[in-house]
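Asker: Here it is, the structure, as structure tokens.
Taken together, the values in this text are just the output of simple stated rules run on the coordinates, not laboratory data. Owing to the predicted nature of the structure, the values given are computational and were not obtained by experimental measurement. Quick reminder, even Gly has a Cβ in these numbers, built from the backbone with ideal geometry, and neighbours come from all protein chains shown.
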Amino acid sequence: MTSEVENKPVICTESAKELVKELRASFATGKTKSYEWRLTQLNAMVKMMEEKEPQIVAALHDDLSKPELESSIYEIAMLKNSCRLAVKNMKHWMMPEKAKTSLVTFPSSAEIVSEPLGVVLVISAWNYPFLLSLDPIVGAIAAGNAIVLKPSEIAPATSLLLARLVAEYLDSSCIKVVEGAV
């Protein structure tokens, strides 16, 4: 895998602006707000880890010489648990929450409605490059946001694999990976 890795150039300002513009347009369609879209993305992430675990373990070994057991437990299994927790609780997280009102405003009622804000940027660390790249994405997907992921350039094999897997398994109109140095 390391033979395929090369130094990636820093993304230029114009490319970054275009990428964010594209993701904001996808977000504006309302696509990411639906429970079904969020559920599909989280289930696809679990499927990705189940189907590509050997490649993930190999990339982590190439970058950090991580043993297979450590990669399986501390990167993959923990991420699967995050996905499953989000799937289990997402409907509850999406429900409006009752808020107390003042006696002065009686008989009014109020509620707090959680709304996604738009495009989220995730800049990942190098020491657990798979987990620390995708775990924040679990929360961003569960919240209904579009996402730009910038994996660590210090773990190039994992970064390259993440770019490929995210494009293959997740909705590429709403979730993008940008490789290279910051």
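Asker: Rounded to the nearest 500 deg cm²/dmol, what is the calculated helix-only ellipticity per residue at 222 nm for the chain, with -39500 (n - 2.57) per DSSP H run of length n ≥ 4? Write down the numbers at each step before the final one.
Answerer: Details: 6 runs with 94 residues, N = 182.
Calculated from helices alone, the mean residue ellipticity at 222 nm is -17000 deg cm²/dmol.
Asker: Once fully extended, how much extra length lies between SER173 and ILE73, figured as 0.36 nm per residue of separation less the alpha-carbon to alpha-carbon distance?
Answerer: Length gained between SER173 and ILE73: 32.9 nm.
Asker: Along the charge dipole of the stretch 11-136, which of LEU131, PRO107, PRO96 sits closest to the positive end, that is, farthest toward it, with unit charges on the beta carbon of Lys, Arg, Asp and Glu (+1, +1, -1, -1)?
Answerer: Farthest towards the positive pole: PRO107.
Asker: What is the local net charge at SER34, summed over the other residues whose Cβ is closer than 14 Å to its Cβ (Lys, Arg +1; Asp, Glu -1)? Intermediate results must be reported in sequence, preceding the final value.
Answerer: Numbers: positive: LYS31, LYS33, ARG38, LYS91; negative: GLU36, GLU115, ASP171.
In short, +1.
Asker: By how many degrees, between 0 and 90 and to the nearest 10, does the Cα long axis of helix 156-169 differ from the longest principal axis of the chain?
Answerer: The answer is roughly 50 degrees.
Asker: Given the Cα-Cα distance of ILE112 and VAL20 and 0.36 nm per residue of separation, how much length would full extension add, in nm? Working shown, then result.
Answerer: On the way: separation 92, 0.36 × 92 = 33.12 nm, distance 2.81 nm.
Length difference between fully extended and current span is 30.3 nm.
Asker: If you place +1 on the Cβ of every Lys and Arg, -1 on the Cβ of every Asp and Glu, and leave all else neutral, what size is the dipole of the stretch 28-122 about its Cα centre, to the nearest 20 Debye?
Answerer: Values: 12 positive and 12 negative charges, 120 e Å.
Result for the stretch 28-122 is approximately 580 debye, rounded to the nearest 20.
Asker: Please report the relative contact order for the stretch 11-177, taking Cα pairs under 8 Å with a sequence separation of at least 6, and give it as a percent rounded to a whole number. Could you put the intermediate results ahead of the total?
Answerer: Numbers: 224 pairs, mean separation 49.5, N = 167.
Once divided by the residue count of the stretch 11-177, the mean separation gives 30 percent.
Asker: Report, to the nearest 10°, how far helix 78-94 tilts away from the longest principal axis of the Cα atoms in the chain, using its own Cα long axis and a range of 0 to 90°.
Answerer: Roughly 20 degrees between the two axes.
Asker: Non-local amide H neighbours of SER152 (under 5 Å, H modeled in plane, Pro and chain starts lacking H): which ones?
Answerer: Hits under the 5 Å cutoff: SER124.
Asker: State the extension gain, in nm to one decimal, for the chain segment bounded by ARG164 and GLU36, taking 0.36 nm per residue of separation less the distance between their alpha-carbons.
Answerer: Details: separation 128, 0.36 × 128 = 46.08 nm, distance 2.36 nm.
Stretched fully, the ARG164-GLU36 segment lengthens by 43.7 nm.
Asker: Identify, among ASN43, MET78, LEU165, the residue whose Cα sits farthest towards the positive end of the charge dipole of the chain, taking +1 on the Cβ of Lys and Arg and -1 on the Cβ of Asp and Glu, with the dipole about the Cα centre.
Answerer: ASN43
Asker: Got a sec to turn the phi values of the stretch 112-125 into Karplus ³J(HN,Hα) couplings, 6.51 cos²θ - 1.76 cosθ + 1.60 with θ = phi - 60°, whole Hz, x for Gly and Pro?
Answerer: 9, 10, 6, 10, x, 9, x, 9, 10, 9, 10, 10, 8, 8
Asker: Here's a follow-up. Note down the nm distance, to one decimal, between modelled labels 7 Å out along Cα→Cβ at ILE123 and at LEU85.
Answerer: If labels sit at ILE123 and LEU85, their model points lie 2.5 nm apart.
Asker: How tilted is helix 35-64 with respect to the longest principal axis of the chain? Cα atoms for both, answer in degrees (0 to 90, nearest 10).
Answerer: Computed tilt is about 30 degrees.
Asker: Rounding to the nearest 20 debye, state how big the charge dipole of the chain is about its Cα centre with +1 on each Lys and Arg Cβ and -1 on each Asp and Glu Cβ.
Answerer: Numbers: 19 positive and 22 negative charges, 177 e Å.
Here the chain has a charge dipole of around 860 debye.
Asker: Give me the dipole magnitude in Debye, nearest 20, for the stretch 39-86 about the Cα centre, with unit charges on the beta carbon: positive for Lys and Arg, negative for Asp and Glu. Don't skip to the answer; put the middle values down first.
Answerer: On the way: 5 positive and 8 negative charges, 57 e Å.
My answer is approximately 280 debye.
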